[in-house]
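The values are calculated or read from the model by the stated rules, or taken from the named source; none is laboratory data. This is a predicted model, so every value here is computed, not measured. Here the Cβ positions follow ideal geometry from the backbone for every residue, glycine too, while neighbour counts run over all protein chains shown. Ligands, DNA and RNA are excluded from the accessible area calculation, which covers all protein heavy atoms including side chains. Shrake-Rupley method; radii C 1.70, N 1.55, O 1.52, S 1.80 Å.
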Amino acid sequence: MQSLTLENHQQQIISKNAELVNRIATPEQQAEFLDKADSLPRIQLDKRATSDLEMIAIGGFSPLQGFLEQADYESVVENMRLANGQPWSIPVTLSVNEEVAASLKEGDLIRLDDSMGRFVGVLELTQKYRYDKTREAIKVYRTEEDKHPGVKVVYEQGEVNLAGTVWLLQRDSHPLFPSYQIDPATSTAMFRERGWKTVVGFQTRNPIHRAHEYIIKCALETVDGLFLHPLVGATKSDDIPADVRMRCYEIMAEHYFPSDRLILAINPAAMRYAGPREAIFHALVRKNYGCTHFIVGRDHAGVGDYYGTYDAQHIFDEFQPGELGITPMKFEHAFYCTRTQSMATAKTSPSTKEERIHLSGTKVREMLRNGELPPPQFSRPEVAAELIKAMQVG
């Protein structure tokens, strides 16, 4: 089995850019929707659904043009594919309770408001259907326990899914990170302008520590450019806030990476914490942004002990080479090796377990809250200082 050639990767970048979905209303459509705003039935979206609307509209969730109809939903849950066979691993749905669903008719235009009550989009309702929450939990998250944050969301949402194409009323600048708001069509064009034929994407919801830095740089040795793409949508309450994380990424980009080989941009999507399935999901999203490769490390998108350490890597083997349109770059757990005095993995280090420095995210957060600097083997000092400042304020 061979990975895709560089030429094929570049052809995919070019062809994919032409296929990107664009569901942002034109000025004429926007005016039409605004004229009807007060007469339309309305639904208020939570933060995740709002970010899903945004990701669909800008093409980040291509080929999705809206919230999934039943045939696509059932196929994604069961087979990690849309009804037409195209790979897609996470159901993107809009759920409401029975009472709200009963008030809506298929064929209606539905006004979509964000959590602040602002008119942000329109749903062209094509279907209403009930679904099995427990089945979705088991298939997508591999557990039915409501302690899992993703499963908890499924259990708490409505019993009926609303399906249909959507329109984002307008593309607003991000309130916190406008300069890093780079949409898929733009990122793809930027890669081409820089002459990057191969680009590796890196997904993160945490500040970059030395182990991350190590695997990113290993990947960067083999491709033309790095797309550092932190997720800034809804996350767990105990995750480090997005503004703190972004300051850490800026520090890393300024001091520890070559500026001509890195683009830092935000990913507006919300976390699902679906482990292996979300690794596929994250890879497909980065393909839409123009990446040809995607880093998959230890326990990608995991939470608690719900997934095996490398389950998120193994799941890529369930697809044919080239089928996803992006090549996974799989890395083992990196650590600081006291014998060689460098970052390494079990593949490259002759060290014993006692000679390896691992720090868990939980332990690091505890140290930071206590005003303790993590050792330099774990975190760059400038990043650690930024985190301490933020944790103590919080």
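Do any residues in the stretch 359-387 that are hydroxyl-bearing (Ser, Thr, Tyr) have Cβ atoms under 8 Å from those of residues that are open to solvent by less than 90 Å² (accessible area, probe 1.4 Å) and not in a helix (DSSP H, G or I), where the two are at least six apart or on different chains, and which pairs are they? Within 8 Å, the pairs are 379/207; 379/209.
Would it be correct to say that residue 273 is surrounded by 24 or more Cβ atoms within 10 Å (Cβ to Cβ) and either under 27 Å from residue 93 (Cα atoms) or among the β-branched types (Val, Ile, Thr) (or both)? Here the answer is no, as residue 273 does not meet what is asked. Check the stretch 241-259 and report whether any residue there is over 22 Å from residue 388 (Cβ atoms), touching a residue at least 12 places away in the same chain (Cβ under 8 Å), surrounded by fewer than 24 Cβ atoms within 10 Å (Cβ to Cβ) and more than 16 Å from the chain's Cα centre (by Cα). Yes; the residues of the stretch 241-259 include at least one that is over 22 Å from residue 388 (Cβ atoms), touching a residue at least 12 places away in the same chain (Cβ under 8 Å), surrounded by fewer than 24 Cβ atoms within 10 Å (Cβ to Cβ) and more than 16 Å from the chain's Cα centre (by Cα). Of all residues in the stretch 278-299, those that are of a type in the set (Ser, Thr, Tyr) have Cβ atoms under 7 Å from Cβ atoms of residues that are in a strand (DSSP E or B) and open to solvent by 10 Å² or more (accessible area, probe 1.4 Å), 6 or more apart or on another chain, in 292/327.
Residue 300 - would you say it is surrounded by 20 or more Cβ atoms within 10 Å (Cβ to Cβ), modelled with pLDDT under 95 and not hydroxyl-bearing (Ser, Thr, Tyr)? Yes. Being part of a loop (DSSP other than H, G, I, E, B) and modelled with pLDDT under 95 is the filter; apply it to the stretch 352-363 and report the residue that is least open to solvent (accessible area, probe 1.4 Å). Selected residue: 359. Taken over the stretch 42-82, the criterion of being closer than 16 Å to residue 140 by Cβ, assigned to a helix (DSSP H, G or I), open to solvent by less than 10 Å² (accessible area, probe 1.4 Å) and not β-branched (Val, Ile, Thr) is satisfied by 52, 73.
Taking the criterion of being free of Cβ contacts under 8 Å to residues at least 40 places away in the same chain, over 30 Å from residue 131 (Cβ atoms), out of contact with any Phe, Trp or Tyr (no Cβ under 8 Å at 6 or more places or on another chain) and surrounded by fewer than 21 Cβ atoms within 10 Å (Cβ to Cβ), would at least one residue in the stretch 177-184 satisfy it? The answer is yes; a qualifying residue exists. Per the conditions (1) modelled with pLDDT of 95 or more; (2) of a type in the set (A, V, I, L, M, F, W, C); (3) within 23 Å of residue 63 (Cβ to Cβ), the sole criterion not satisfied by residue 37 is (3).
Condition test on residue 56, is it in contact with a Gly (Cβ under 9 Å, 6 or more places away or on another chain) and at pLDDT below 95?
no
For the residues 158, 195, 201, 164, the requirement of being among the small types (Gly, Ala, Ser), closer than 30 Å to residue 219 by Cα and either over 20 Å from the mean Cα position of the chain (by Cα) or surrounded by fewer than 15 Cβ atoms within 10 Å (Cβ to Cβ) (or both) singles out 195.
Condition check for residue 345 on (1) among the β-branched types (Val, Ile, Thr); (2) touching an Asp or Glu at 6+ places or on another chain (Cβ under 8 Å); (3) buried (at least 24 other Cβ atoms within 10 Å of the Cβ): one failure, at (3).
Selection over the stretch 21-31 of residues that are open to solvent by 90 Å² or more (accessible area, probe 1.4 Å) and either assigned to a helix (DSSP H, G or I) or charged (D, E, K, R) (or both) gives a count of 2. Selection of the stretch 364-394 for residues being open to solvent by 70 Å² or more (accessible area, probe 1.4 Å) and either among the β-branched types (Val, Ile, Thr) or not in a helix (DSSP H, G or I) (or both) yields 370, 372, 373, 376, 393, 394. If only residues of the stretch 83-99 that are without any contact (Cβ under 8 Å) to a residue 40 or more places away in the chain and of a type in the set (S, T, N, Q) are counted, the one that is most open to solvent (accessible area, probe 1.4 Å) is 84. Quick check: anything in the stretch 318-334 touching a Ser or Thr at 6+ places or on another chain (Cβ under 8 Å), of a type in the set (D, E, K, R) and open to solvent by 20 Å² or more (accessible area, probe 1.4 Å)? Looking through the stretch 318-334, at least one residue is touching a Ser or Thr at 6+ places or on another chain (Cβ under 8 Å), of a type in the set (D, E, K, R) and open to solvent by 20 Å² or more (accessible area, probe 1.4 Å).
Yes/no per residue for (1) aliphatic (A, V, I, L, M); (2) closer than 21 Å to residue 180 by Cβ; (3) at pLDDT below 90:
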position	(1), (2), (3)
199	yes, yes, no
209	no, yes, yes
232	yes, yes, no
240	yes, yes, yes
